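Engineer: Dropping a structure here in structure tokens format, bear with me for questions.
Coordinate-derived values only; no laboratory data. Please read all numbers here as calculations on a predicted model, not as lab measurements. So basically every Cβ, Gly included, is an ideal-geometry build from the backbone, and we count neighbours across all protein chains shown.
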Amino acid sequence: MVKRSYKPFFRKLSYLFPAILFIVLLLNIVLPDRSFSEKENRVLASRPALSVDQILSGQAETKYETYVNDQFVLRDLWVTLKADFDILLGKTESNGVYLGKSGYLLESFTPPADKRLTATLDAITSFAQSHTGIHQYMLLAPNAVNILKSHLPFSAPQVNQDQYIDRVKDTVSSAGVTFIDVRDTLRNHMDEQLYYKTDHHWTTQAAYYAYLAASDPLELNTAQVSYEKLPASVSFQGTLSAKSGFRSSAKDELDVFLPKSDVAPEFVVNYVEERKKVGSYYAADRLKTRDKYAMFFDGNHAQIKITTPSAEGGNLLILKDSYANCLIPFLAPHYRNIVMIDPRYYYGNLEDLIAAEDIREILYIYNANTFFADTSLELTLVPQ
Amino acid sequence: MVFSSIFFIFYFLPVFMLLYYLVPGRVKDIVLVLGSMVFYAWGEPVYLVLMLFSAVFNYYMGLELDRIEDPSPRKRNLVFTIVINLLILGFFKYYGFLLDSAGSLFGISIPHPELALPIGISFYTFKNLSYIFDIYKGKIAAQRNLLTFGVYSTMFPHMAAGPIVRYADIEEQLRSRTVNLSKMGIGVEIFIKGLAKKVILADNLALIYNQILATDGRISVLTAWLGIFAYTMQIYFDFSGYSDMAIGLGKMLGFDFQKNFDYPYTSGSVSEFWRRWHISLGSWFRDYVYIPLGGNRAGTARHIRNILIVWALTGLWHGASWNFVLWGVYYGLLLLLEKYVLSRFLGAAPALVQRLYTFLLVMIGWVFFSIPSFGSIAHYLGSMFGVSASGFLDRSFLYYLRSGIILFIISILACQPNLQIRFRRLMRTRPWAAILIDILLFVIAVAYLVSSSYHSFLYQQF
């Protein structure tokens, strides 16, 4: 029974709550759907087509609920509110991303299953042993969670990435692959910005240091070119803020290093599958999208060929992930031909490619997190 | 469908409520049954048939029991009804479990198809059984109107996760109930509190315990205790939150259900805990299993047997897995221990000691409840008591404590009556302030619900 004095409260609530539900219902029906969320960096679910089969199996209902969530009125605001409340509750980790010190978001490292890692390393080893005539190098970039350990939230549980990198180093070295260890170099420059605060990639600055560290084993003459750093964008919002919801309005600066020279270098970047040839490493129109890091070589492509007028080096094959994209512009002037292969998208035959392009050197460029989660490299190296 | 979803709150609920409030008198029953069928079928339409069968079957058997006066065919009828109900429950819930258990007994593996558990089958089976038992005992008369019985048996508020509402308790309301706005307001209040408990507290607490459970290798003693503490709070806010939502929705429809949780973590003994935790289930087992078995009136040996049977079954009711049986038997033994040994000492102890004793035992109980495999249970208990722990205190404990401390403090406050008493005072003295708090809780809960589809389609961008 309602006591008299509670009545005003319950009455007010009994009008307010249904009113809220109906207003929101109306807005949800009236307002148009969005196809993409810039804030979350993902495609939003669209209204599912309904069929009797799907309804009976329950699939349609699940899809419909996702659709309703994704298209909820003022979704971005709700997502921000949730993330802010998470921080208020003291949460420092979300979806595998740590909210670190000085504004850094750091992607946590998931150690690979032993079987998985062994399979990849076996593939690299056997490939090295069957191609002894080709010089092979590997650059395995450590991630922010490794180099910027000190920026992790207070006593965050972390698996040491170095011990896994060391295992790769030992294994590939004994197979004859030259391991280019950039960890010390990066640690020496820790106080500079080596990683984006909101994205999982390393900065062009870090790639430049890695290039300097690699120049020794690769025998590159770095004195040949000098660079100046120019900001390409100051409003880069990376994948980590999208993935975690933390710092969703923070922005990073994204730089390019351009050679200081009066003569514009002449080279051709050939997107093989797309049949497109351009005269730049950079896709400026990507700066207008959320994924601004994709300005380096227009994101990830199965195969890209770079031809330069260089007299210095020969033909280099690079097996890589996206960390390589901002590093390769530094390497390009040193080689006549570079073939970039991203095994995750490449379905061609590597042996044929090596023969056709007369490859003399192979360089693996990966970041540790991707390398340890990768399953495609082994299939490209040793086709089943 | 679940209550804690955007689709339920912002689509199903307003449309259904509008219809329910617009139509007159008995037509409300039709809207309620149809709405409940939509609610039930949403996401798993096939099992709607099973749920409806159970309702119609028990409706019919209720009429039969009412009609037959001769005791022996009456009893046969009762047994038949119970057997059919339990066979359905057994087949859909325990089939795989029984085959696996039989298989491991003989060291073989018996292949069987994995059946999806029909939503709410344990709840509606028990609800319908209570109706049958009560007719048999002459406590109630069978409901002659199929529609009215349908309202009782299929009503969506308590369909999926309880409480196990007794027919006798709502018989009057099934015939005629007041549906008005101030009852609506009461219902909204309870619903919002339940939603906030589930979405803001339980789901966030779950992240902490799951992270600790997922740790490779050993954890420290304090981390283990912190983990099970988080789970202790999680399961309470999850389960009681769901019950609150059901009770609140019932109020909006004009029904008064009994409370299902009564601040169980303030209990001074394990037996008190079970009078305050999932009350509708505890009283079901008491009235329909324990007392018919003879309760405690047939000597100590029989009493011990009855307690152990009841608690093994209570455990098994929670899930088709041996860890639930273990959990149930753990409580059976504790209750016996309390009754025959501890009650003398416990009664003399200060209230704080009583509560601490109960809370610790309940926390330990949740280890059995939350971990399916016996090996992992032993490992976790080992961590709590230092046997298989990595040490007493480590950095990860500090990390979890730091990331969970605010939730823990809110949880401790919210599992005691004080906060709610203060809020009720506010409702009277400053209604707008109380409404603002409720709306704020609702908004935060909705923010979590909207964000829940966030992670499901994340694609890797490497």
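Engineer: Mind scanning A:LYS39/A:LYS288; A:LYS12/B:LYS259; A:LYS229/A:LYS251 and naming the pairs with a C-alpha gap bigger than 21 Å?
Structural biologist: Working: A:LYS39/A:LYS288 14 Å; A:LYS12/B:LYS259 24 Å; A:LYS229/A:LYS251 18 Å.
Correct reply: A:LYS12/B:LYS259.
Engineer: Whose amide H sits under 5 Å from the amide H of B:PHE261, counting only residues 5 or more places off or on another chain, with H placed in the peptide plane?
Structural biologist: Those qualifying (amide H under 5 Å, at least 5 residues apart or on another chain) are B:ILE279.
Engineer: Where does chain A land at 222 nm, in deg cm²/dmol rounded to the nearest 500, when only DSSP H runs of n ≥ 4 count, each adding -39500 (n - 2.57), divided by all residues?
Structural biologist: Numbers: 14 runs with 142 residues, N = 384.
Roughly -11000 deg cm²/dmol at 222 nm, from the helical runs in chain A.
Engineer: What is the sum of charges, Lys and Arg at +1 and Asp and Glu at -1, for the other residues whose Cβ falls under 12 Å from the Cβ of B:HIS303?
Structural biologist: Values: positive: B:ARG297, B:ARG302, B:ARG305, B:LYS339; negative: none.
So the surrounding residues net to +4.
Engineer: Let me ask something additional. Taking amide H positions as placed in the peptide plane 1.01 Å from N, state which residues far from A:ASN367 in sequence (5 or more) or on other chains have amide H under 5 Å from it.
Structural biologist: For A:ASN367, whose amide H was placed from the backbone, the distant partners under 5 Å are A:ALA141, A:ASP321, A:TYR323.
Engineer: Further question on the same structure: Return the sequence-ordered ³J(HN,Hα) values of the stretch A:278-293 in whole Hz as given by the Karplus equation 6.51 cos²θ - 1.76 cosθ + 1.60 applied to θ = phi - 60°, using x for Gly and Pro.
Structural biologist: Running phi through 6.51 cos²θ - 1.76 cosθ + 1.60 with θ = phi - 60° gives 9, x, 8, 7, 10, 10, 4, 5, 5, 5, 7, 9, 5, 7, 6, 4 Hz.
Engineer: Can you list which of the chymotrypsin sites (Phe, Trp or Tyr not before Pro) found in the stretch A:323-363 are DSSP loop residues with at most 13 other C-beta atoms within 10 Å? Walk me through the numbers before you get to the answer.
Structural biologist: Working: sites: A:TYR323, A:PHE330, A:TYR335, A:TYR345, A:TYR346, A:TYR347; in loops: A:TYR335, A:TYR345, A:TYR346, A:TYR347.
Listed in order of number, the matching sites are A:TYR345, A:TYR347.
Engineer: In addition: Hey, if you put +1 on the Cβ of every Lys and Arg and -1 on every Asp and Glu Cβ in the stretch A:101-381, which of A:LEU218, A:GLN193, A:SER173 ends up farthest toward the positive end of that dipole?
Structural biologist: A:GLN193
Engineer: OK, next. Straight-line reach from A:LYS260: which aspartates and glutamates have a Cα under 17 Å away, not including same-chain ones fewer than 8 places off?
Structural biologist: Output for A:LYS260: A:GLU228.
Engineer: About the Cα centre of chain A, what is the dipole size in debye to 20, counting +1 per Lys and Arg Cβ and -1 per Asp and Glu Cβ, all else neutral?
Structural biologist: On the way: 39 positive and 45 negative charges, 471 e Å.
It comes to approximately 2260 debye.
Engineer: If you only keep lysine pairs separated by 8 or more in sequence, or across chains, how many in the stretch B:6-177 come under 17 Å at the Cα atoms?
Structural biologist: Numbers: B:LYS75/B:LYS137; B:LYS75/B:LYS139; B:LYS93/B:LYS127; B:LYS127/B:LYS137; B:LYS127/B:LYS139.
Qualifying lysine pairs in the stretch B:6-177: 5.
Engineer: Just to check I understand the Karplus step: with θ = phi - 60° and J = 6.51 cos²θ - 1.76 cosθ + 1.60, what whole-Hz values come out for the stretch A:358-364, glycine and proline as x?
Structural biologist: Couplings: 6, 6, 10, 9, 10, 10, 8 Hz.
Engineer: Which cross-chain or sequence-distant (5 or more) residues have an amide H under 5 Å from the amide H of A:ILE318, H modelled 1.01 Å from N in plane?
Structural biologist: Those qualifying (amide H under 5 Å, at least 5 residues apart or on another chain) are A:VAL339, A:MET340, A:ILE341, A:LEU363.
Engineer: Here is a further query. Using just the helices of chain B, give the 222 nm mean residue ellipticity in deg cm²/dmol: DSSP H runs with n ≥ 4 each add -39,500 (n - 2.57), and the total is spread over all residues, rounded to 500.
Structural biologist: Details: 21 runs with 310 residues, N = 462.
Mean residue ellipticity at 222 nm (helix-derived): -22000 deg cm²/dmol.
Engineer: State the antiparallel share, in %, of DSSP beta bridges confined to the protein assembly as shown, rounding to the nearest 5. Let's see the in-between values first.
Structural biologist: Values: 28 of 48 bridges.
Given both bridge residues lie in the protein assembly as shown, the antiparallel proportion sits at roughly 60 percent.
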